[in-house]
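Trainee: Structure below; questions to follow.
The values are calculated or read from the model by the stated rules, or taken from the named source; none is laboratory data. Nothing here was measured: the structure is a model prediction, and the numbers come from that model. Every residue, glycine among them, receives a Cβ derived from its backbone with ideal geometry; neighbour counts consider all protein chains shown. Each accessible area value is taken on the protein alone, full model and side chains, heavy atoms only, with ligands, DNA and RNA left out. Shrake-Rupley method; radii C 1.70, N 1.55, O 1.52, S 1.80 Å.
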Amino acid sequence: MTVDALTDVAGLRVGHATRTGDGWLTGTTVVLAPAGGAVAAVDVRGGGPGTKETDALDPRNLVQRVEAIVLTGGSAYGLDAASGVMAWLEEQGRGVPVGTDPAHVVPVVPAACVFDLGRGGDFRARPDAATGRAAVEAAAASEPGARVPEGCVGAGTGAAVGPMKGGVGTAGTVLDSGITVAALVVANAVGSVMDPETGVLYGELFQGRVEYPEGRVHDAARRRLAESAAKSAPAPLNTTLAVVATDADLTKAQAQKLAGTSHDGIARAVRPVHLLHDGDTVFALATGAHPLTPAHPLALNDILAAGADMVTRAIVRAVRAAESVESAGGQWPSYTELYGDRR
């Protein structure tokens, strides 16, 4: 049974740690790989990324597998969350062996952050090592194949897309070859996810026919967005993050190609994208459970195309799942508040 989420890829688990109230509006999300790790790669296209351990994922370098990926709020400060994940993994004996003692491991935990500083009202309220530990413990405690909470949770707690509320979204599919491809995103973009002339989400234009909001509804939504934008500090330092995963047996180079083509999914759903102040980053994970066979010579192309499709769908779901937020740091109405649930 599939749940249309990153956890459709067998062995992957997702955990969120969410902090709200008293100046907080931020959090951390951890994608936990099966014991022994998953082949990993990354493609960074934003001009202002905040990342950790991404050099280790270069196909030319030593590390082949990672045990976890961290997505976090808090800008570069929030990368501290990865330390808590590393500590937990070390306690489990999971990581790159560096000696004859099985306990001597170094967990490689790539991480990327979004900018949400001050959105809850307190600039210093940001994720730390304890937040990362809480998120990885939540992932470890979840059931295999569990549904993944979406919207204003984890790294998407303080996310915004233009003047609207952003968040976490996820989607998955099973290809004709039997291979599963899925994505999880944190939608927190400088650009807009919505056509300003119609109110339609850009990402839904690639999913078949769409229902256009009535003119009076769209006019009211534009007025509401203008009012909220006037009450919120400008936030030019944003980022869309994604983890795209498959159960296919990919090399690091193939996984890196998957991370790269999956950026097309962001470009379909966000305009403009990959700007100087964005930190757009896509990680790719491959668990290796499903070998590529001569019977499906184009299977890799199918995986690459599906990765982009799942990122687009996940961004749409993140925006639709988000709830309106009003805090000391500003106001961000949700798409559903503005236009209703038009699914």
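Trainee: Does segment 1-111 come out rounded, prolate or oblate, given a ≥ b ≥ c as the square roots of the eigenvalues of its C-alpha gyration tensor, rounded meaning a/c under 1.5 and, failing that, prolate meaning a/b above b/c?
Mentor: It comes out rounded by the Cα gyration axes.
Trainee: Under unit Cβ charges (Lys, Arg +1; Asp, Glu -1), what dipole magnitude, rounded to 20 debye, does segment 93-152 have relative to its Cα centre?
Mentor: 100
Trainee: Could you grab the relative contact order for the chain? Cα pairs under 8 Å, six or more apart, rounded to a whole percent.
Mentor: That works out to 25 percent.
Trainee: I'd like the carbon and sulfur percentage of the solvent accessible area for the chain, probe radius 1.4 Å, heavy atoms only, ligands and nucleic acids excluded.
Mentor: Using a 1.4 Å probe with all protein chains present, the chain comes out at 51 percent carbon and sulfur.
Trainee: While we're on this one: Accessible area per residue of the chain at 1.4 Å probe, in Å²?
Mentor: 40
Trainee: Still on this model: Report the antiparallel proportion of the DSSP beta bridges in the chain as a percent, rounded to a multiple of 5.
Mentor: 85
Trainee: Per 0.36 nm of contour for each residue apart, how much would the distance between Gln207 and Leu62 grow if the chain were fully extended, relative to their Cα-Cα spacing?
Mentor: 48.2 nm
Trainee: I've got another one for you. Can you tell me the dipole magnitude for the chain around its Cα centre, using point charges on the Cβ only (Lys, Arg +1; Asp, Glu -1), in Debye to the nearest 20?
Mentor: So the magnitude is around 480 debye.
Trainee: Which percent, to the nearest 5, of DSSP beta bridges fully inside segment 116-231 are antiparallel?
Mentor: 100
Trainee: Under the 0.36 nm per residue contour assumption, what length would be gained going from the current alpha-carbon distance of Arg222 and Asp101 to full extension?
Mentor: Length gained between Arg222 and Asp101: 37.4 nm.
Trainee: To continue, here is another question. Could you order Met194, Met1 by accessible surface area, starting with the largest, using a probe radius of 1.4 Å?
Mentor: Heavy-atom accessible area, descending, gives Met1, Met194.
Trainee: Now, a different point. Under the rule of -39500 (n - 2.57) per DSSP H run of 4 or more residues, summed and divided by the residues of the chain, what mean residue ellipticity at 222 nm is obtained, to the nearest 500 deg cm²/dmol?
Mentor: Calculated at 222 nm, the ellipticity per residue is -8000 deg cm²/dmol.
Trainee: Here's another thing I want to ask about it. Mind giving me the FRET efficiency for Glu337 and Ala130? R0 is 30 Å, r the Cβ-Cβ distance, nearest 0.05 is fine.
Mentor: About 0.40, to the nearest 0.05.
Trainee: If you take the charge dipole of segment 236-343 about its Cα centre, with +1 on Lys and Arg Cβ and -1 on Asp and Glu Cβ, which of Asn301, Ala269, Trp332 is farthest toward its positive end?
Mentor: The Cα lying farthest towards the positive end belongs to Asn301.
Trainee: I'd like the orientation of helix 299-321 relative to the chain: the angle between its Cα long axis and the longest Cα principal axis, in ° from 0 to 90, rounded to 10.
Mentor: Computed tilt is about 40 degrees.
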